[in-house]
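Below you'll find the structure, written out as structure tokens, and then a few comments.
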Amino acid sequence: MITITDVSKSFDRGRTHALRSVSIHAHAGEVLVLLGSSGCGKTTLLRMINRLDSPDSGEVRLRDRDVCGMDPVALRRSIGYVIQEGGLFPHMTVERNVEIVPRLLGWNRDTRRARTHEILSLVGLSPDEFLPRRPAELSGGQRQRVGIARALAANPMTLLMDEPFGALDAITRDRLQDEILSIQRSEPRTIVFVTHDLFEAVRLADRIVVLHAGSVEQVGTAEQLLNHPATPYVSSLFERATQQATGLLEHAP
Ligand SMILES: Nc1ncnc2c1ncn2[C@@H]1O[C@H](COP(=O)(O)OP(=O)(O)O)[C@@H](O)[C@H]1O
Ligand SMILES: [Mg+2]
């Protein structure tokens, strides 16, 4: 579905190496999580897939076509993209926000209406209540749900999510993670999900790509990474998480 081969990218005339010869592959229908700490290149890698950024060298293929040979506008309409703040247009209602891509694709009014209703219900918001609202009239979690609904509205086969729940409280984050898993069961697609949170990665991923300083440390299921860490960095990730969890238990009443 998505194949990234030997991609490198530097900024500041070569002073910052954001990505160093990264190769990854996302299968159709899987949730591939890019996991790593801030600055390791997650966002840069994600933005190569919808051509918001282009590699210095290497290749990105989507459904076996080089994205650099594709029309960037058509490419972006075919890929759902969710960012941390939701990225909603503040002057538009929820309905207008959600139907942006279907409109651009020329869907007729009835089809758009049916889809905005369906997709809003799918992300757990009542259409009658929320479609007329504006982003300022929503909580952070609701805005994020609308951002997900918008990304899914035109039924893209591919969804890119860049720390979409990073700014939310733990309970809302939990709920939205559940929502993603349940949407994935009813309308499966290829999702590349970026996070710096190991627990979120383990919860959502079919496979995890551990990125560190612009390089891939290891790719595998959570179980493979935990039981057979390929590098000291990967084992330290799990050790730190275990210590955190143990520390929490010791302080529990
Ligand atoms: N437009 C840019 N100009 C200069 N440096 C950038 C730019 N975008 C990203 N970088 C640098 O590239 C590295 C990777 O950034 P990024 O992909 O945003 O990391 P992450 O999403 O993992 O936090 C960082 O060192 C960052 O400062
Ligand atoms: Mg980022």
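The values are calculated or read from the model by the stated rules, or taken from the named source; none is laboratory data. From a predicted model like this one, the values you see are computed outputs, not experimental measurements. Cβ placement follows ideal geometry from the backbone for every residue including glycine, while neighbour counts extend to all protein chains displayed.
Listed here are the helices (runs of 4 or more DSSP H) enclosed by the range 91-152 that have at least 1 residues being in contact (Cβ under 8 Å) with a residue 40 or more places away in the chain: 94-98, 100-104, 109-122, 140-152.
For (1) more than 16 Å from ligand 1 (Cβ to nearest atom); (2) polar (S, T, N, Q), each residue gets a yes or a no:
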| position | (1), (2) |
| --- | --- |
| Thr3 | yes, yes |
| Arg15 | no, no |
| Val22 | no, no |
| Gly29 | yes, no |
| Met48 | no, no |
| Leu52 | no, no |
| Arg63 | yes, no |
| Pro72 | yes, no |
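In the range 181-201, how many residues are more than 16 Å from ligand 1 (Cβ to nearest atom) and either closer than 19 Å to Leu159 by Cβ or hydroxyl-bearing (Ser, Thr, Tyr) (or both)? Walk me through it before giving the result.
Residues of the range 181-201 that are more than 16 Å from ligand 1 (Cβ to nearest atom), as a first pass: 181-191, 199.
With either closer than 19 Å to Leu159 by Cβ or hydroxyl-bearing (Ser, Thr, Tyr) (or both) added as a condition, the list becomes 181-191.
Of the residues in that region, 11 qualify.
Anything in the range 185-205 that is in a strand (DSSP E or B) and within 16 Å of ligand 2 (Cβ to nearest atom)? List them, or say none.
If we filter the range 185-205 for residues that are in a strand (DSSP E or B), which is where we start, we get 190-195.
Within the range 185-205, Val192, Phe193, Val194, Thr195 meet the criteria.
Going through (1) among the aliphatic types (A, V, I, L, M); (2) within 26 Å of Leu168 (Cα to Cα); (3) surrounded by fewer than 20 Cβ atoms within 10 Å (Cβ to Cβ); (4) in contact (Cβ under 8 Å) with a residue 12 or more places away in the chain one by one, Leu226 falls short only on (2).
Each row is one residue, and each column tells you yes or no for (1) out of contact with any helix residue (DSSP H, G or I) (no Cβ under 8 Å at 6 or more places or on another chain); (2) touching a residue at least 40 places away in the same chain (Cβ under 8 Å).
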{"residue": "Met157", "(1), (2)": "yes, yes"}
{"residue": "Ala167", "(1), (2)": "no, yes"}
{"residue": "Asp178", "(1), (2)": "yes, no"}
{"residue": "Ser186", "(1), (2)": "no, yes"}
{"residue": "Val194", "(1), (2)": "no, yes"}
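Applying the condition of being assigned to a helix (DSSP H, G or I) and among the β-branched types (Val, Ile, Thr) to the range 219-253 and asking which residue is farthest from Val31 (Cα to Cα) yields Thr246.
For the range 31-46, the count of residues that are farther than 22 Å from Val234 by Cα, within 16 Å of ligand 2 (Cβ to nearest atom) and crowded, with 22+ Cβ neighbours inside 10 Å is zero.
Return the only residue of Gly140, Gly166 being surrounded by fewer than 19 Cβ atoms within 10 Å (Cβ to Cβ), within 16 Å of ligand 2 (Cβ to nearest atom) and either at pLDDT below 90 or of a type in the set (S, T, N, Q) (or both).
Being surrounded by fewer than 19 Cβ atoms within 10 Å (Cβ to Cβ), within 16 Å of ligand 2 (Cβ to nearest atom) and either at pLDDT below 90 or of a type in the set (S, T, N, Q) (or both) holds for just one of Gly140, Gly166, which is Gly166.
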